[in-house]
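Colleague: Structure incoming, see below.
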Amino acid sequence: MVNEQHFREYLEREWAALPDALTACEVAGLLGYHRTTVNSWAAGTKSRLGKLPSIHYFGETVFAKEHLIAFLVSTVNIGFVEKSAKHRALIEAYRQAKEIRDDLVSC
């Protein structure tokens, strides 16, 4: 089980250099999903996952980075098999970073 607060902090550090607003294509590329899947999160059609807040700007669906992080944190412990390879790799990278941090603290 992933600690949601620690995962949030990890994503905020890892994605600090990303723009504060991301298009559906950028989110899809970042997480390894098809744009249609990302747009379904915005529409709330994947009801188990809730809804990812978005706005439409000049024909693009745009997501606030902070909302994307909150969405990923809220779904981190749901249906790991359903996640894309990039999404699973992101969670695994968090777990490895946490193990290293825990080892340093335990000395």
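The values are calculated or read from the model by the stated rules, or taken from the named source; none is laboratory data. What you are looking at is a predicted structure, and each value in this text was computed from that prediction instead of being measured. So basically every Cβ, Gly included, is an ideal-geometry build from the backbone, and we count neighbours across all protein chains shown.
Colleague: Among the numbered criteria (1) surrounded by 13 or more Cβ atoms within 10 Å (Cβ to Cβ); (2) at pLDDT below 95; (3) touching a Leu at 6+ places or on another chain (Cβ under 9 Å), which single criterion is violated by LEU68?
Modeller: Looking at each condition in turn, LEU68 falls short on (2).
Colleague: Okay, next question. Mind listing whichever residues of the stretch 40-58 are more than 17 Å from ALA28 (Cα to Cα), in a helix (DSSP H, G or I) and without any contact (Cβ under 8 Å) to a residue 24 or more places away in the chain?
Modeller: SER47
Colleague: Is it the case that some residue within the stretch 71-86 is surrounded by fewer than 13 Cβ atoms within 10 Å (Cβ to Cβ) and at pLDDT 90 or above?
Modeller: Yes: the stretch 71-86 contains one or more residues that are surrounded by fewer than 13 Cβ atoms within 10 Å (Cβ to Cβ) and at pLDDT 90 or above.
Colleague: Could you figure out which of (1) surrounded by 15 or more Cβ atoms within 10 Å (Cβ to Cβ); (2) at pLDDT 95 or above; (3) touching a strand residue (DSSP E or B) at 6+ places or on another chain (Cβ under 6 Å) isn't true of GLY32?
Modeller: Single failed check for GLY32: (3).
Colleague: Based on this model, can you work out whether THR61 counts as under 20 Å from ALA97 (Cα atoms), without any contact (Cβ under 8 Å) to a residue 40 or more places away in the chain and touching a helix residue (DSSP H, G or I) at 6+ places or on another chain (Cβ under 8 Å)? Walk me through it before giving the result.
Modeller: Working: under 20 Å from ALA97 (Cα atoms): no; without any contact (Cβ under 8 Å) to a residue 40 or more places away in the chain: yes; touching a helix residue (DSSP H, G or I) at 6+ places or on another chain (Cβ under 8 Å): yes.
Taking the combined requirement at face value, the residue does not satisfy it.
Colleague: Read through the list (1) within 12 Å of the chain's Cα centre (by Cα); (2) at pLDDT 95 or above; (3) among the charged types (D, E, K, R), then give the number of the only condition that GLU4 fails.
Modeller: The one condition GLU4 does not meet is (2).
Colleague: In this structure, does ALA28 turn out to be over 17 Å from SER74 (Cβ atoms), out of contact with any helix residue (DSSP H, G or I) (no Cβ under 6 Å at 6 or more places or on another chain) and either touching a residue at least 24 places away in the same chain (Cβ under 8 Å) or not basic (Lys, Arg) (or both)? First the steps, then the outcome.
Modeller: On the way: over 17 Å from SER74 (Cβ atoms): yes; out of contact with any helix residue (DSSP H, G or I) (no Cβ under 6 Å at 6 or more places or on another chain): no; either touching a residue at least 24 places away in the same chain (Cβ under 8 Å) or not basic (Lys, Arg) (or both): yes.
Spelling it out, it is not the case that ALA28 is over 17 Å from SER74 (Cβ atoms), out of contact with any helix residue (DSSP H, G or I) (no Cβ under 6 Å at 6 or more places or on another chain) and either touching a residue at least 24 places away in the same chain (Cβ under 8 Å) or not basic (Lys, Arg) (or both).
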